[in-house]
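As structure tokens, the structure follows; a few thoughts come after it.
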Amino acid sequence: MNYSMIFYIIGWILNVEAALMIPSAIVAAIYQEKSGLAFAAVIVLCLVLGLLLMNRSPRNKVFYAKEGAVTVALSWIIMSLMGALPFVLSGTIPNIVDAMFETVSGFTTTGASILTAIEGLPYCILFWRSFTHWIGGMGVLVFLLCLLPLTGGGYHMNLMKAESPGPSVSKLAPKVQATAKILYGLYLFLSIVELALLIAGKMPVFDALCTTFGTAGTGGFGIKNDSIGGYSTYLQAVITVFMILFGVNFNVYYLIYLKKPKEILHCEEAKWYLVIIAASTLIITGFVRSSFSSIAMAFHHAAFQVGSIITTTGFATVDFNLWPTIPKTILVLLMFIGACAGSTGGGMKVSRIVLLFRALKCELSRYLHPQIVRKVYLDGRVIDREILHSVYMFLIAYVLIFAGSTLLIGIDNYDLTTNFTAVAATLNNIGPGLELVGPTQNFALYSNFSKLVLIFDMLAGRLEIFPILLLFTRATWKKF
Amino acid sequence: MNIIIVGCGKVGTSLAERLSAEGHDLVMVDLSPVKVEEVSNRFDAMGIVGNGASFNVQQEAGVEEADLFIAVTGEDELNLLCCLMAKKSGRCQTIARVRNPLYSKEIQFIREQLGISMIINPELTAAREILKLLKFPSAIKIDTFAKGRVELLRFRLRPEAGFGGKTIMEIMNHLKTDVLICAVERDSEVIIPNGSFVLQDSDTLSIVGSLQSTAQFFEKIGYRSKKVKNSLIIGGGTIAHYLALDLLKIGFRVRIIEQKKERCDYLSEMLPGADIIHGDASNESLLLEEGLTYADSLVALTGLDEENIFLSLFAKKHSSAKLIAKVNRISFNEVIDGFDIGSVIYPKYLTADYILQYVRARQNSIGSNVETLYKILDGRAEALEFSINEASSVTDVPLMNLNLKDNLLICCINRKGTILTPRGQNKIKVGDTVIVVTTNRGLRDIRDILKN
């Protein structure tokens, strides 16, 4: 394990985090809030720690998959710890576990909150909460890859692999650094377009910023107690469209940018993603028609909730906890499917689901023709056995963590639906669940222990399980 | 003795070389006329072209008069059949080489049922040899005498030991250990030193002593006694398989890098405790990723000698691991020695050594009394263990009064299990075994140590 390199990168991360806190400090200055001092203090702390760690440029730059996974996992934990400090220091969330929960929920773009009253909070704190979504959406290390001056050593790809969602990472450009820049460019561009459209719809600038951060990162922290419910239908529609857009594989946008329409049609994942959204929206519209004034409104709200859940954003315009069972069940299923690989969304990812179904079909045909040779295809290409294998293993690890977490938080003795959807909502980085953790509720009811379990779930979900599990594997820390 | 050797491969050839040097009458049998021609010309042996398992061929080779029949062809089954036939058609002792790990568990049964005197497994022998070195990483080579009670260790002198410029007498008086420096290698020359010999920091020493005393010796001169606890093995051949089995049993962490996928699958089935890595070990970054820097030991066992040497050189640069390389074919021992790449294992010599020991022991019962013989220091010196069966001119005389040959040292006396480091007043007694190191060749009897 190349510790000097790991510390060096974590030093960078701390510095980047210090830089990322500056906007919140500026917001505090604009609104003249005392909480801004908390940010100033944490910025200084991050800078000092970061510079100390970066002090020594690593002599040995070798960096393997193991280092990549460990760096990413450690970075996320340290980032969340630092990010939680302003909440504690400003006194908004005095309990450190609660503050951790809120920050991890922000960085992992979950959007599950432990805050009961949001509207009374200082602006700078609200801004920081939402901004963590934007940072976490595309990934801090991917951001760092745009900046890092080191070359060689192979750390680029290993960091990228560990942080990017999806079964396999595809490079957009020959260099990882260029790929990271393209990704962040697209991300920034889409965010600005949304911001402009929201402001055009007469949303206050501060709200528009925070909502954009929440949408772009597919996070879901609202700055109002009723989430998005209070905004106009136009604004809700804009948010719906952008939530769905941020859930699409960013490769598609790059292909659009390169003007390669034929290859876009090859992108099966995006196709299935849209098909699932359309089908779910239509079914739900049918079931909830009676509770809305018109079929158009029913469709509007159905589309918003479906978009919010499948992209794992977690905004809400209505309390879907009050809907009939079928729409609720569909939403819970969508939680597991999640967005596309290579997007900012969480969940298991559409491509994994498609692969699993195709592999299942292959297996069935092997029962009919035991000697058959058949491959699994995606996007017109044969999928390697190794990749398929890792998809199965992901599913198994996912189910195990899910079951384990549900069991552990059962200690608080809430009902099964609450616990089940609480784990689903955190492991898939969505935010709201059903019943006691429904869209109008929050996670404050859980004990510190359960919150720690859910924090683990959020991190595991965002980093796609394996990097976090590696931290707890003995062999990772063995020299040989 | 009359000896028939079937198979003129690597082991057959090196056996022929050693046995003919000791004056035995050899008959070489092989299917390839070219090989037979070459070997019989080189070592003054009779050559017969044909299948060694055939009755007629064996008759032609004179199996009826032969004392020993050695089958070392490439195939286990053929070797066994050869010995079986020879056993039936003559009254000779038989030695077969059987290397398939499948048979290795049943070797005892096969040996008894087929009436074969000795079965040798070169890969297993090599693996055992490597194991010894891993247990004692300071030494480059280890030979054992007196049923494992006495060790002969070869190691490179390092400046921190502080031996340079001192005489052996001074050093020994200072250290007060019961070991004996029995050979010094300096600039490709082998010297059997006496007490006034002055050492240099660049020398390679060989010492003899009991297990405890050698360990004590290394401790006192400050060589790292850090134990080897894990091993990175390059190449997943049969030696690696045997070695890994032994290492896993004593609690090592074992990682094997192997190029062929099928072989990896097989090894992974046979060695569930080891990490099997499928990859090309000539790829630097793979080696480093798999923890070469942190490995306690690197054992290079690929099929290519050159690759093994390069791997060791690379590892020497990037880690402080104990290095062991297998060299099978190439014979630039001196050059390889100059690289200073730790221990080098020559499986063909190991096998030949093993067989030679047996031959000596057989001769023992005929007249000579050499119990064990090692060619040490790449064959430039010999370490012999004599058993003293009867009173003679060397027994019951204080050693200082014996008129010993030059370049000869009595290193050790084993008196019924007690290991004595000989001093001038000690006497050799009947019933002892005595270990002698010398650059003189062809000692057959304990009396040969005296000047004529």
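Every number here is computed from the coordinates shown, using simple stated rules; none is lab data. The structure displayed is predicted, hence computed values, not measured ones. All Cβ positions, even for glycine, are placed from backbone atoms using ideal geometry, and neighbour counts span all protein chains on display.
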Practice item. Please average, across the residues of B:293-303, the number of beta carbons from any other chain that are within 10 Å of each residue's own beta carbon, and give a whole number. Key: 1
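Based on the mean of other Cβ atoms within 10 Å per residue, sort peptides B:397-403, B:338-344 so the most packed one is first.
Details: B:397-403: 12.7, B:338-344: 18.4.
Output ranking for B:397-403, B:338-344: B:338-344, B:397-403.
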Review point. For A:TRP76, A:TRP323, A:TRP272, what ranking results if the residue with the fewest other Cβ atoms within 10 Å of its Cβ goes first?
Key: A:TRP272, A:TRP323, A:TRP76
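So if each residue of separation counts as 0.36 nm, and I subtract the Cα-Cα distance between A:ILE372 and A:ALA117, what length gain in nm does that give? Let's see the in-between values first.
Numbers: separation 255, 0.36 × 255 = 91.80 nm, distance 6.02 nm.
Value of the extension gain: 85.8 nm.
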**Study point:** Efficiency of FRET from Cβ geometry, A:LEU364 and B:ASN283, R₀ 45 Å, rounded to 0.05
**Key:** 0.65
Exercise for review: Over 41 Å, how big is the tail of the calculated P(r) for the protein assembly as shown, in percent of all Cα pairs?
Suggested key: 54
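Quick one: if the Förster radius is 22 Å, what FRET efficiency do B:LYS429 and B:LYS147 give, using the C-beta to C-beta distance and rounding to 0.05?
According to the calculation, E is roughly 0.70.
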Practice item. Kindly put A:PHE357, A:PHE143, A:PHE443, A:PHE107 in sequence by how many other C-beta atoms sit within 10 Å of each C-beta, fewest to most. Key: A:PHE357, A:PHE143, A:PHE443, A:PHE107
Review point. Other chains' Cβ within 10 Å of B:280-292 residues: what's the mean?
Key: 2
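Strictly over 29 Å apart at the Cα level, which of A:LYS479/B:LYS317; A:LYS349/A:LYS375; B:LYS141/B:LYS249; A:LYS61/B:LYS132; A:LYS66/B:LYS229; B:LYS227/B:LYS416 would you flag in this model?
The answer is A:LYS61/B:LYS132; B:LYS227/B:LYS416.
Just check region A:184-287 against the gyration tensor rule for me: Cα atoms, a ≥ b ≥ c as the square roots of the eigenvalues, rounded for a/c under 1.5, and otherwise prolate or oblate depending on whether a/b exceeds b/c.
oblate
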Review point. How big is D, in µm² s⁻¹, for region A:339-480 by Stokes-Einstein at 10 °C and 1.306 mPa s if Rh is the Kirkwood radius over C-alpha pairs?
Key: 93
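Add +1 for every Lys or Arg and -1 for every Asp or Glu among the other residues with Cβ under 13 Å from the Cβ of B:MET400, and state the total.
Around B:MET400, the surrounding residues sum to +2.
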Practice item. With a/c under 1.5 counting as rounded, go ahead and sort region B:18-143 into rounded, prolate or oblate using the C-alpha gyration tensor (a ≥ b ≥ c being the square roots of the eigenvalues; past the cut-off, prolate if a/b is larger than b/c, else oblate). Key: oblate
Exercise for review: Could you tally the net charge around B:SER210, taking each other residue with its Cβ under 9 Å from the Cβ of B:SER210, Lys/Arg +1 and Asp/Glu -1?
Suggested key: -1
Exercise for review: Using just the helices of the protein assembly as shown, give the 222 nm mean residue ellipticity in deg cm²/dmol: DSSP H runs with n ≥ 4 each add -39,500 (n - 2.57), and the total is spread over all residues, rounded to 500.
Suggested key: -16000 deg cm²/dmol
Check your understanding: What nm distance separates the two modelled labels at B:GLU390 and B:LYS227, each placed 7 Å from Cα along Cα→Cβ?
Key -> 4.9
**Study point:** For peptides A:461-474, A:119-132, sequence by mean Cβ density within 10 Å, most packed first
**Key:** A:119-132, A:461-474
Revision key, fill the gap. When A:ILE22, B:ILE446, B:ILE256 are ranked with the fewest other C-beta atoms within 10 Å first, the list becomes A:ILE22, B:ILE446, B:ILE256
Check your understanding: What helices does chain A hold that run 27 Å or longer along their axis, going by alpha-carbon atoms, with a Kyte-Doolittle average of 0.5 or more, using DSSP H for the helix calls?
Key -> A:3-31, A:65-89, A:176-200, A:268-288, A:350-368, A:385-409
Check your understanding: How would you classify chain A from its alpha-carbon gyration tensor, with a ≥ b ≥ c the square roots of the eigenvalues: rounded for a/c under 1.5, else prolate if a/b is greater than b/c, otherwise oblate?
Key -> rounded
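Within 10 Å of each Cβ of A:56-69, how many other protein chain Cβ atoms are there on average?
1
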Revision key, fill the gap. Two pseudo-spin positions, 7 Å from Cα along C-beta at B:LYS416 and at A:ARG56, lie apart in nanometres by 6.2
Exercise for review: Within the set of other residues whose C-beta is less than 13 Å from the C-beta of A:HIS156, count the net charge using Lys and Arg as +1 and Asp and Glu as -1.
Suggested key: +3
Exercise for review: Sort the following peptides by mean Cβ neighbour count (other Cβ atoms within 10 Å, averaged over residues), highest first: B:279-285, A:2-8, B:69-75.
Suggested key: B:69-75, A:2-8, B:279-285
